[in-house]
1. Looking only at region 136-146, how many residues end up being in a helix (DSSP H, G or I) and modelled with pLDDT of 95 or more?
2. Sort out which residues of region 85-120 are polar (S, T, N, Q) and touching a residue at least 24 places away in the same chain (Cβ under 8 Å), and write them in order of number.
3. Has region 146-153 got at least one residue that is surrounded by fewer than 19 Cβ atoms within 10 Å (Cβ to Cβ) and of a type in the set (Val, Ile, Thr)?
4. Look at Ala82 and say whether it is out of contact with any helix residue (DSSP H, G or I) (no Cβ under 7 Å at 6 or more places or on another chain) and either without any contact (Cβ under 8 Å) to a residue 40 or more places away in the chain or farther than 19 Å from Ala117 by Cα (or both).
5. Checking Ile14 against (1) open to solvent by 90 Å² or more (accessible area, probe 1.4 Å); (2) at pLDDT 90 or above; (3) outside any loop (DSSP other than H, G, I, E, B), which test does it fail?
6. Which of (1) within 27 Å of Arg56 (Cβ to Cβ); (2) touching a residue at least 60 places away in the same chain (Cβ under 8 Å) is the odd one out, the single condition Lys135 does not satisfy?
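The values are calculated or read from the model by the stated rules, or taken from the named source; none is laboratory data. As the structure is a computational prediction, the values presented were derived from the model and not from experiment. Cβ atoms come from the backbone with ideal geometry, glycine included; neighbour counts cover every protein chain shown. To get the accessible areas, we keep the full protein, side chains included, count just its heavy atoms, and leave off ligands, DNA and RNA. Shrake-Rupley method; radii C 1.70, N 1.55, O 1.52, S 1.80 Å.
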Amino acid sequence: MDATLVLNVVALVISTVALAVSVVAVSRQIQIAQNSNLIPVIADLFRETRSSEFLRSMEFIRDRLATAHPGSPAYRELPEDARGHIRRVGLFYDDIGKLVAHGVINESLILGAYGGAVPRIWELVAPYVLSERQKYGNATVAYFEDLAARARIHTMAGVHQSLALRNYTPPPA
């Protein structure tokens, strides 16, 4: 081999390595930029679930909805108060479900945070939502339903285990 060929091969290898490093660096920068854009969205989601209105709606759905409104009427046929509670919680989980289904937000982040509540709440509102869909032919909170189905497969406990979350039991006082 002559020296020119060796130099050309070395230059080609160096160029290929530099290109690969650049592609990896740009991909990482894009990922960081996307994640930094999501931080305010995620913070707002977490803040909403701590609001007294949201907690009141969760409590109503969990403790009173089925007994106060038996027979599973269509969602829009419920009194405004009940409809408001279902709307607040259902649309919240529906919006999160959209972000998860479209890959905008990491599924394990959402299921690790909300995965225990999502299927329980879906099971409580589903009769009213399914009645709504049947009567009016719409797809009310379809993403919420999808999120609940995902949470049944990838449980909160499973997400925590996959992340190797640690336990810490404080020593006795």
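1. Going through region 136-146 one residue at a time, the tally reaches 5.
2. Of everything in region 85-120, just one residue is polar (S, T, N, Q) and touching a residue at least 24 places away in the same chain (Cβ under 8 Å), namely Ser108.
3. The answer is yes; a qualifying residue exists.
4. In short, no.
5. Of the numbered conditions (1) open to solvent by 90 Å² or more (accessible area, probe 1.4 Å); (2) at pLDDT 90 or above; (3) outside any loop (DSSP other than H, G, I, E, B), the odd one out for Ile14 is (2).
6. Here Lys135 meets the rest and fails (1).
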